[in-house]
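Just so it is clear, none of the values below were taken in a lab; they were calculated from the coordinates. Here the structure is a predicted model, which means the values were calculated and not measured. Please note: Cβ atoms are built from the backbone with ideal geometry, for glycine as well, and neighbour counts cover all protein chains shown.
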Amino acid sequence: MNLFRLAGDMTHLVSVVVLLLKIHTIKSCAGVSLKTQELYALVFAARYLDLFVHFVSLYNTVMKLVFLASSFSIVWYMRKHKIVRRTYDREHDTFRHHFIVLPCLVLALLINERFTFREVMWAFSIYLEAVAILPQLVLLQRTRNIDNLTGQYVFFLGAYRVLYILNWIYRYFTEPHFVHWISWIAGIVQTVLYADFFYYYIISWKNNVKLELPA
Amino acid sequence: KSEALEHDEL
């Protein structure tokens, strides 16, 4: 475990837990894409299948449980909670996310580290995570208002991805034959998706103006 | 090889 990876996991944890706590506190999910949250819940469900069969460390197990619990709680709040569900922007959150789930599944069947159910599901979760943010970014562009709830969420998620890339670079140079093309390529694609959001986020922050994404 | 396949990252 290196510092980049620990910082990346903590940033990822903060992004999900802060989103859950904010939705729980203000009883609103305005600006949050349910599609992205559902995709993330699917990512964790597909990736952590080995939760009870393959013990890596206490940290690993605890974090997996926290990620599963928080991502499914957010989906529950947005779909079932009588107050929160009314604040969900249904007509704008229209990204057809099955258009990205299926290609990711096909890709996982074609490109994986080993053709076993768990490995294919693991690759599927890696590919899906790379594009899971798309419905949220589309929603932000459509509604054009980025209140701090979603802005911070996307910002922390982007920061977690950047830290993970630094983690891979560190591990590549410190661990012999540490090569994971699947995670690396998907991770770089995912981080690039955040790049333009980061650009506009930092500009708006510097000019102290409301964050506007180009149409 | 089995080590490489053990996904130790979240």
Between A:VAL53 and A:ASN148, how many nm apart are label points set 7 Å from Cα along the C-beta direction?
4.5 nm
Order by neighbour count: A:TRP181, A:TRP205, fewest other Cβ atoms within 10 Å first, most last.
A:TRP181, A:TRP205
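What is the local net charge at A:ASN60, summed over the other residues whose Cβ is closer than 13 Å to its Cβ (Lys, Arg +1; Asp, Glu -1)? Provide the component values of the computation, followed by the final result.
Working: positive: A:ARG5, A:ARG47, A:LYS64; negative: A:ASP9, A:ASP50, B:GLU6, B:ASP8, B:GLU9.
After counting each charged neighbour, the total is -2.
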Within the under-14-Å Cβ sphere about A:ALA46, not counting A:ALA46, Lys/Arg +1 and Asp/Glu -1 give a net charge of -1
Where in the stretch A:87-114 is the amide nitrogen less than 18 Å from a point lying 7 Å along the Cα-to-Cβ axis of A:ASP196?
A:94-96
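Counting Lys and Arg as +1 and Asp and Glu as -1, what is the net charge of the other residues whose Cβ lies under 15 Å from the Cβ of A:LEU109?
On the way: positive: A:ARG114, A:ARG118; negative: A:GLU113, A:GLU119.
Value of the local net charge: 0.
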Projected label distance in nm at A:ILE169 and A:TRP205, using a 7 Å step from Cα toward the beta-carbon:
1.9 nm
Straight distance only, please: which aspartates and glutamates reach the Cα of A:LYS35 with their own Cα at less than 14 Å, same-chain residues fewer than 8 apart left out?
A:ASP89, A:GLU91, A:ASP93, A:GLU129
What is the helix-to-structure angle for A:181-206, meaning the angle in degrees between its Cα long axis and the longest Cα principal axis of chain A, kept from 0 to 90 and rounded to the nearest 10?
30 degrees
Percent of alpha-carbon pairs separated by more than 22 Å within chain A:
51 percent
